[in-house]
Amino acid sequence: MNLVAGLESFLYVISSLLLVPVVTGLVLLTCWVVVFSGWFLREGLDRRRGHCRALAAYQRRLDHELAALTDRSHLDLALERLLQTHELLLVRGLDAIRFVIRVGPALGLMGTLIPMGIALSAMAQGDMPKMAGSMVTAFTTVIVGLACSVVAYLLSLIKEKWVRADMREMEFLTERTLREQGCRREPVREEEADELAAA
């Protein structure tokens, strides 16, 4: 029986120690969502003006690749590799926002359960102010975690549309460049496209 009580006390100490990292993580997550929202708004305004940084960067890289390539016999392969590299970068750009979507609710749940354990312990000891403070922390953390996740999800819906549009435009630029050089791009096999989309 003493062993069980000791293990329970050990787990209680561990969960109490996790409260500070969880709350810190939620604060950092909130700051990231605010900063990303600013970047998102700036990108949206740029796109409304007809300027896309990703496409401009790809066009510059495409021109540089054409200027640096001496052997034009494998031009289609070189540009195909360049296209897939930039498409992969666009897809990887969604990793951070997908991370927030999944981690926000988890941190919010942890930030709820840990203070509730502390609140129950304080209630057993008759420390009502400590219990009230822990309950406030519990409800606040879950709200913040869910709010970060919801905002990130809404932003990701639009961001994914932008990424798909950029990928189509990159394919068009690549195909146009190859036709200007007297080549044609081999279509990407369905298996390769699925692997790229899942990356």
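Let me have the relative contact order for region 54-190, percent, based on Cα pairs under 8 Å that are six or more residues apart.
On the way: 106 pairs, mean separation 46.2, N = 137.
The normalised contact order for region 54-190 reaches 34 percent.
Taking only the C-alpha atoms of the chain, the Rg (one decimal) and the largest Cα-Cα distance, Dmax (whole number), read 25.4, 83 Å. Mean-square fluctuations from a GNM of the chain, with a 10 angstrom spring cutoff on Cα atoms, peak among Tyr12, Tyr153, Tyr58 at Tyr12. Comparing Gln59, Gln125, Gln84 in a Gaussian network model of the chain (Cα springs below 10 Å), the most mobile by mean-square fluctuation is Gln125. Shown for region 1-62 is the translational diffusion coefficient from the Stokes-Einstein equation, using the Kirkwood radius over Cα pairs, a temperature of 10 °C and a viscosity of 1.306 mPa s: 100 µm²/s.
Give, as a single signed number, the net charge of other residues whose beta carbon lies under 12 Å from the beta carbon of Lys159, with Lys and Arg counted +1 and Asp and Glu -1. Overall, the nearby charge balance is 0. With neighbours defined as other Cβ atoms within 10 Å of a residue's Cβ, the residues Met135, Met128, Met123 order from fewest to most as Met128, Met123, Met135.
Of the candidates Gly111, Gly126, Gly44, which one comes out as most mobile in a Gaussian network treatment of the chain with C-alpha springs shorter than 10 Å? The residue with the greatest mean-square fluctuation here is Gly126.
Magnitude of the Cβ-charge dipole of the chain, K/R +1 and D/E -1, about the Cα centre, nearest 20 debye?
Numbers: 22 positive and 23 negative charges, 144 e Å.
Here the chain has a charge dipole of around 700 debye.
Computed over the chain, the per-residue total of -39500 (n - 2.57) for DSSP H runs of n ≥ 4 gives a 222 nm mean residue ellipticity of -30500 deg cm²/dmol, rounded to 500. Judged by the gyration tensor of its Cα atoms, with axes a ≥ b ≥ c, region 43-128 is prolate; a/c meets the 1.5 cut and a/b is the larger of a/b and b/c.
Rule-based calculations on the coordinates, nothing more; no lab input. Please read these numbers as outputs of a predicted model, since none were measured by experiment. All Cβ positions, glycine included, derive from the backbone under ideal geometry; neighbour counts span all protein chains shown.
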